[in-house]
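Taking it in order: structure first as structure tokens, then the write-up.
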Amino acid sequence: MGSTKSGAILITILFYLVGPVLAQEPFVCDGSFYLVLKNHPTEQSKLYKMVSSQNLSEIVFEEVGVDSTGVNLNSIGYRKTDNLIYGINPQDHNLYQIDKSGRAFLLDRIEELDTLRGYIAGDVSLDGRYLILIERDRVDLLMDVKLVFIDLTDPEFAVTKVDLMGENGEPPFTRTADVAINPFNGLMYGYNARSRKLSTFNLETGVIQTENFQNDLSQPEVLGALFFDDFGRLLGYGRQRDSIFQNTLFQIDINTGLAEILDTGPMARGNDGCKCVNRIGIQKTVSPPSTLPCTNVTYTVSLSNPTGTVVENISMTDSLDLNLRFSSVIDNPFSGTLVVDSINNILHFNNLTLEPGIDSIVFSVFVKPTSSAGLINNQAQLTDLPPDQEPVIYSDYPSTLVRGDPTPLEILEALEVNEIYHDTIICLDEELTLISQFPNGDHTWNGFDEEKTSRLEINNGGSYYLTTVVGCQVITEIFQVEEEWISFSLGEDQNIDLGEFIQISPTIQSTSPDSVYRWIGNDPAICPDCPSQDFIPLENQTVSLSITNQAGCVSQDSIDIFVTTDRSVFVPNAFSPNSDGINDLLFASTKIPQQILYFRIYNRWGALVFQNENGLTNDPAFGWNGNFKGEMVNNDVFVFDMLLLYPDGVKQKISGDITVIK
């Protein structure tokens, strides 16, 4: 805990607590985001409030009160118990309060903060007791090392520290610029600038968890300000990659850790942020967001209670546009009573009970036939709220960044046609889904009485009729489905010898031309998109073909090829080169012609009498006719030497004796 202070210092503290602190004007917990920004380390921080522009089309950052806070501030957090912002000057470790005027008021210097450590990340605990800081080592790679708890309820601002560690007890390898505590699950979240990943901090054990979160190239470089909105959405203000300024507002998914850019604001080199997390929130959406007259739409009003306690007896009022008529409540998890003022078209949900968390009232309304095309804006409001809440809280449309904006519903122009034709095709033995152009109408398929949706699964061609009631109109959709097909065969499986040439040509029958071929096989000689194949298979294999015709129909077939490897070579042991037409030439024979790299013949003294290169077996012209230097050799015994090369790369060397008999 904190150190004991002298009486003189205690008097000073009491002066700050009882004197100027009591004179400060608290903020209103209205869901606003606050940021302190500066462009240079020596500058004083300015306090900004993120607000909507006048035309409700974008986010702007509005300076709060005076030109600056008067000091350099960081590690700020919003304290719900007094609606003031607390922060630390990271240079001198002074603790400050900031009020609605934007000025900072000195509370004390926190002696327990180490001058060799940095303190730029912080938030106030959900109960308002502690300002929680991340202590960073300025010497050792700027790593986070401790959690620091400054007790804001203690006149001496006692300090407690907890060592940070990884999930397995190892030192943390994180560098966090800001943290924010989720009011719905109690976890403190930070953004690790080293790995560009989201992290969570266990406030009791000091364990940092990062492994469950992802990162990618779009992740921010650093997030100097983090805060949660009324519905547990984590937002951050920081720097994009390859930028020196922090001027971008991000939304971070607390389940995946991935960030997306929402908007940009003032440029800063340093910043921190906070938000009151005690505000009850209300959002309103409509489905579908655009519709025709004479249709029903569904409104969903979501209420969030981040206070941690049950809130009772609140009221919600929803004034509907005169073009709408209330139909029914689909779901109301908050109990209470509903009073429908049909004259003024107002819904009164009274005595609602909000448990901690987020839930929704869902109700249906009917768009009247007389509705004109255009936008209808609608907004609900909460009243009868607890004293620590605003008197009235208006609903927000969550699809925009603007807070507190109404929910739009677009009324479309009536359709100008009563019949719509669709031409399509279906392939033989396949299924096709017919889809109405009007998914939100009331559908009846002719001949399919049980099908009442906008989709119909079919497996045959023909004409299909769909009657759809869309708003105040009845439309007939006619689907003309033409049946297409393709089939082919590659024939029977084939048995061949190594070196044998093979041709594969499909026999095709199809309702449309211009087919696309896709061959698959192990042989590198296969042409993947040719109409047929001509090659010498080197091994057993399966060749498959998929053909797609112009209509998109697909047919497939395959053929197995079995290759017999026969390396037997026959060379006669005698021949009679006497020009009688019988055994006049000496040549090698194989079942399938194979390549001969060389064929050489030597006499009994080893002299080369014949040589031929790069020929084929079974070719008499490649053989020896018994001549040597233009003259016929005498009867004698000769030696031959031959090297064969097979298509699979195997070389075979053979030799033997030959007798010449004339």
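The values are calculated or read from the model by the stated rules, or taken from the named source; none is laboratory data. Note that this is a predicted model, so its numbers are computed, not measured. So basically every Cβ, Gly included, is an ideal-geometry build from the backbone, and we count neighbours across all protein chains shown. The protein model used for the area step is the full one, side chains on, heavy atoms only, and it has no ligands, DNA or RNA in it. Shrake-Rupley method; radii C 1.70, N 1.55, O 1.52, S 1.80 Å.
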Portion, in percent, of the accessible area of the range 70-112 that falls on carbon or sulfur, probe 1.4 Å = 45 percent
Using every Cα-Cα pair within the range 526-655, state what percent have a distance larger than 19 Å.
-> 61 percent
In whole µm²/s, the translational diffusion coefficient that Stokes-Einstein assigns to the range 380-512, given a Kirkwood hydrodynamic radius over C-alpha pairs, 10 °C and 1.306 mPa s, equals 76 µm²/s
Counting helices only, and only those DSSP H runs with n ≥ 4, report the 222 nm mean residue ellipticity of the chain as the sum of -39,500 (n - 2.57) divided by its residues, in deg cm²/dmol to the nearest 500.
-> -500 deg cm²/dmol
The percentage of Cα-Cα pairs in the range 551-623 separated by more than 18 Å is 57 percent
Report the semi-axes of the equivalent ellipsoid for the range 241-395 in whole Å, largest first, where each axis is √(5λ) for an eigenvalue λ of the Cα gyration tensor.
-> 34, 23, 14
Cysteines not pairable in the chain (beta carbon separation under 4.7 Å absent) = Cys274
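Order these peptides, 372-379, 94-101, by their mean beta-carbon neighbour count within 10 angstrom, highest first.
Details: 372-379: 13.6, 94-101: 20.9.
Answer by packing, highest mean first, reads 94-101, 372-379.
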Based on the inverse mean of 1/r over its pairs of different Cα atoms, what is the Kirkwood hydrodynamic radius of the range 357-424, in Å?
-> 16.0 Å
Rounded to whole Å, √(5λ) for the Cα gyration tensor eigenvalues of the range 594-662, largest first, gives 24, 13, 10
Sum of side-chain charges, Gly374 neighbourhood, beta-carbon under 14 Å (Lys, Arg +1; Asp, Glu -1) | -2
Run through all the Cα pairs of the range 273-344 and give the fraction in each 5 Å bin from 0, expressed as whole percent.
-> 3, 10, 21, 22, 17, 12, 8, 5, 2, 0
Percent of all alpha-carbon pairs of the chain at distances over 44 Å, whole number, is 55 percent
Go through 381-394, 119-132, 523-536 and give me the packing order, highest mean Cβ count within 10 Å leading.
-> 119-132, 381-394, 523-536
Going highest first, how would you order 569-577, 404-412 by mean Cβ packing within 10 Å?
-> 404-412, 569-577
The range 191-261 - Kirkwood radius from inverse mean 1/r over Cα pairs (Å) = 12.4 Å
Cα long-axis angle, helix 7-18 against the chain (0 to 90 degrees, to the nearest 10) | 90 degrees
Excluding Ile596 itself, what net charge comes from residues whose Cβ is under 9 Å from its Cβ, given Lys and Arg +1 and Asp and Glu -1?
-> -2
Taking a quarter of the surface of the convex hull around the Cα atoms of the range 56-136, what do you get in nm²?
-> 6.6 nm²
Environment charge at Phe231 (Cβ cut-off 13 Å; Lys +1, Arg +1, Asp -1, Glu -1) = +1
